[in-house]
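Here is the structure we will look at.
The values are calculated or read from the model by the stated rules, or taken from the named source; none is laboratory data. Treat the numbers as computed from the prediction; the structure is a model and nothing was measured. Counting neighbours? That spans all protein chains shown, and the Cβs are built from the backbone with ideal geometry, glycine included.
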Amino acid sequence: MEKKPYLIDGVTGNGKMLATYGKDGQLHRLWWPRVDYPQHVDRMWMGIDLPGITEEVCWTHGEGWTHRQSYVGESANLLTESLHQRTGVEVTCEDFAVRGEDVLVRDITVTNRSDHPVPVRFFWYSSLTMMENRLYNSVAFDRKEEALVHFRHQYACAIGADRAVSGFQAGNALEAAARGELTGTEIAMETEGALSWELGELPPGEKFRLPLFLAFGDGVDGALACLNQAREQGADRMRERTLAYWREYLSRAKPVETGEEEIDRLYRRSLIVFKLMSDERHGSLIAAPEFDETFSRCGGYAYCWGRDAAYITTAIDRAGYHDMARDFYRWTVTAQSPDGSWQQRHYLDGRLAPHWGLQIDEPGSILWGMWQHYLETGDRSFLEEMWPAIRKGADFLVGFIDPETGLPRPSRDLWEEREGEHTYSTAAVYGGLTAAAATARELGYGEEAKRWSGAAASLQAAADRLLWNPERNSFLRGIKLAVSREEYEAARSRGIRTTSETDDKGYTTHRLWADPVIDVSLLGVNLPFELFNLSDPRVKQTAAAVEEALGQSPVGGIQRYEQDPYIGGNPWILTTLWLAQFKFKAGDVVGGEKLLRWAVEHRTSLDLLPEQVDKQTGQPAWVVPLTWSHAMLVLTVLDWMEARGKAEVKMETVE
């Protein structure tokens, strides 16, 4: 597979497929028939040849081009305009996927922006490694259907235009395409092929439109049938259907008018991101489009975490899309383990994904989110449908309590980096148990309600007893932190409290008793899980410690935790918005607005939110778009609107 950039500039899709692009319009990745798996694109290029003017094909992602990129209105239709500076020829490409179809349309227009006629040939090159696997691929040109077909096992993609090609080549196509000399080879057991079209001589100001269809199907026949259906509909009709879909989708959202167009527009773009990251068939959603397939710098993002999803679905619910949230929670039932737990992350079909081990905040977050959905909708039938899963999940949480501490036993923290009994995990489990108890009371299961509310109260008492750190005026990040033997011995030599345990196989885990690091997740003791009330002075002291310790980046924003090594320790969008939400809840509207505007100012040019912002340059860093970032944006904007309303009422009362 070709090495691809980590940073994504544009994204489009339709719930069955997801495509990501560079700022030059190059399509780097395309997933089908789910938005998480499998991905099929190795390379996909387009270019022009001007006989007598250019010596070889000028690929639009190459040197000598300038690019502009935008979305068509408030839709997921991605428009890339590329101008070849020396020749004055412009290539625009509008990419979109029609809802319910297995087709990506790449609607290309070639325009002569020069002051003299130019002869133009258009070239297409694609290398598809179906399922991201170079083995056992084939490519063929179908003369009858005028299509280049890539296929491997059940996966096939047929590529064709609304007119006949002028040339084609299956196999060994890149060098031939670059020379503008396709050989007419019809089939090869390889990954790459090419097509060309003679556009003729374009007078100054004239344009030539060439809609291309990437049609997917079950085997070659399925892909060709899909291609023919797309041709019958035509690009114009498919485009209008797509734009109409996005108009209707946004019309169902809770309207937001903050008085600041940038914020309102980003709110609506976030709603589009939610839909793009959601799987149409299963109802689950990914954290972000994958960009690090080999896990070279992280463990991947194209999976569903209960942690992220609890925030995302709460944002989706509060924005008015209750059907999407309900579909997600129905999916969680299929992903629940037999013991009642939810493991760290899953593929969108519910199968277990690669992971680092149990992360106990995840099942707590899912149970909490189910109750939030009920609070938004009042749908008692939803609680009844979820009850078996809720009962198993809550009983699992009760059984996961450490008898020594009264806190949840050691597991991975919410950042998946360390094992211990974490404060955020405690808050999430508390939130899950109180939600399950509330559900039980609503449905008339008094025994379960009593048992789970009692477990939650005991958990709260243990947290109250063990987790406050007066030396830093903050809650500890956790206790019983697993460390290396060397770190354990060094701590013991300095008189720091330690502990260890040896399992039945003779393996010893060494632990520091206290983890005093300031972490933004400590806000979770109040927001959103209400382990401790806002009236508890320790909650505000912890928030102040978070702001002081983690707000030191030269470009602003809030980091995850002290000395964060991940991708340079940058400030994150979601962490900054987390603190903004807390400030709104605490009545500091001005402070919350400052943090909200910082996040908005660090969106990309396409109104997509990254995971991080480079602490030196202020530019988007690492993951784009991160669904959790967009969820926190939506939640923060809605919290802001409520806080402003309360402030206005208060002022009117005073007057």
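Key figures
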item	result
Helices (runs of 4 or more DSSP H) lying entirely in segment 376-488 (those with 1 or more residues that are buried (at least 18 other Cβ atoms within 10 Å of the Cβ) and touching a His at 6+ places or on another chain (Cβ under 7 Å))	380-398
Residue in segment 606-613 that is surrounded by 15 or more Cβ atoms within 10 Å (Cβ to Cβ), in contact with an Asp or Glu (Cβ under 7 Å, 6 or more places away or on another chain) and within 23 Å of CYS304 (Cα to Cα) present	no
Condition met for GLU601 (touching a helix residue (DSSP H, G or I) at 6+ places or on another chain (Cβ under 9 Å) and surrounded by fewer than 20 Cβ atoms within 10 Å (Cβ to Cβ))	yes
Given (1) touching a strand residue (DSSP E or B) at 6+ places or on another chain (Cβ under 9 Å); (2) in a loop (DSSP other than H, G, I, E, B); (3) surrounded by fewer than 17 Cβ atoms within 10 Å (Cβ to Cβ), index of the condition GLU63 fails	(1)
Yes/no for GLY320 being at pLDDT 95 or above, assigned to a loop (DSSP other than H, G, I, E, B), closer than 14 Å to ARG252 by Cα and not polar (S, T, N, Q)	yes
Where a residue in segment 492-517 is without any contact (Cβ under 8 Å) to a residue 12 or more places away in the chain and aromatic (Phe, Trp, Tyr) and its partner, wherever it lies, is in a strand (DSSP E or B) and surrounded by 15 or more Cβ atoms within 10 Å (Cβ to Cβ), with Cβ under 7 Å and at least six apart	none
Residues being more than 20 Å from LEU212 (Cβ to Cβ) and either at pLDDT below 95 or of a type outside the set (A, V, I, L, M) (or both) - total across segment 34-52	6
Cβ pairs under 8 Å, 6+ apart, first in segment 535-558 and within 30 Å of PRO620 (Cβ to Cβ), second β-branched (Val, Ile, Thr) and assigned to a loop (DSSP other than H, G, I, E, B)	ALA545/ILE518; VAL546/ILE518; ALA549/ILE518; LEU550/ILE518; VAL555/THR617
Of the criteria (1) over 21 Å from VAL624 (Cβ atoms); (2) touching a residue at least 60 places away in the same chain (Cβ under 8 Å); (3) crowded, with 17+ Cβ neighbours inside 10 Å, which one CYS58 fails	(2)
Qualifying residue in segment 121-128 (condition: surrounded by fewer than 22 Cβ atoms within 10 Å (Cβ to Cβ), in contact (Cβ under 8 Å) with a residue 60 or more places away in the chain, in contact with a Pro (Cβ under 6 Å, 6 or more places away or on another chain) and not small (Gly, Ala, Ser))	no
ARG86 being under 18 Å from MET17 (Cα atoms), in a loop (DSSP other than H, G, I, E, B) and basic (Lys, Arg)	no
Residue match in segment 130-137 (condition: surrounded by fewer than 18 Cβ atoms within 10 Å (Cβ to Cβ), touching a residue at least 40 places away in the same chain (Cβ under 8 Å), over 19 Å from GLU201 (Cα atoms) and among the basic types (Lys, Arg))	yes
Filter result (surrounded by fewer than 24 Cβ atoms within 10 Å (Cβ to Cβ), within 15 Å of the chain's Cα centre (by Cα) and not acidic (Asp, Glu)) within segment 288-302	PHE291, CYS298, GLY299, GLY300, TYR301
Any chance LEU512 is surrounded by 14 or more Cβ atoms within 10 Å (Cβ to Cβ), closer than 20 Å to GLY406 by Cα and modelled with pLDDT of 95 or more	yes
Any hit, segment 241-251, residues being in contact with a Leu (Cβ under 8 Å, 6 or more places away or on another chain) and surrounded by fewer than 21 Cβ atoms within 10 Å (Cβ to Cβ)	yes
Criterion violated by VAL165 - all others in (1) farther than 15 Å from MET44 by Cα; (2) free of Cβ contacts under 8 Å to residues at least 24 places away in the same chain satisfied	(2)
Residue in segment 48-60 that is in contact with a strand residue (DSSP E or B) (Cβ under 8 Å, 6 or more places away or on another chain), closer than 27 Å to ALA287 by Cβ and not aromatic (Phe, Trp, Tyr) present	no
Flag for ARG345 being of a type outside the set (A, V, I, L, M), at pLDDT below 95 and out of contact with any Leu (no Cβ under 7 Å at 6 or more places or on another chain)	no
Search result, residues across segment 240-259 that are in a helix (DSSP H, G or I) and either of a type in the set (A, V, I, L, M, F, W, C) or in contact with a helix residue (DSSP H, G or I) (Cβ under 6 Å, 6 or more places away or on another chain) (or both)	LEU243, ALA244, TRP246, LEU250
Selected residue (criterion: surrounded by the most Cβ atoms within 10 Å (Cβ to Cβ)) from residues of segment 2-25 that are closer than 23 Å to TYR249 by Cα and of a type in the set (Ser, Thr, Tyr)	THR20
Selected residue (only one of GLN359, GLN372 is in a helix (DSSP H, G or I), among the polar types (S, T, N, Q), at negative phi and at pLDDT 95 or above)	GLN372
Failed criterion for TYR488 (all others in (1) without any contact (Cβ under 8 Å) to a residue 40 or more places away in the chain; (2) in contact with a helix residue (DSSP H, G or I) (Cβ under 9 Å, 6 or more places away or on another chain); (3) of a type in the set (Ser, Thr, Tyr); (4) over 23 Å from ARG380 (Cα atoms) hold)	(2)
Qualifying residue in segment 15-29 (condition: touching a Lys or Arg at 6+ places or on another chain (Cβ under 8 Å) and at positive phi)	yes
Flag for PRO338 being farther than 30 Å from ILE108 by Cβ, outside any helix (DSSP H, G or I) and touching a helix residue (DSSP H, G or I) at 6+ places or on another chain (Cβ under 9 Å)	yes
Single residue of LEU633, LEU638 found to be surrounded by fewer than 24 Cβ atoms within 10 Å (Cβ to Cβ) and assigned to a helix (DSSP H, G or I)	LEU638
Considering residues of segment 66-122 that are in contact with a strand residue (DSSP E or B) (Cβ under 9 Å, 6 or more places away or on another chain) and among the basic types (Lys, Arg) only, the residue nearest to TYR249 (Cα to Cα)	ARG106
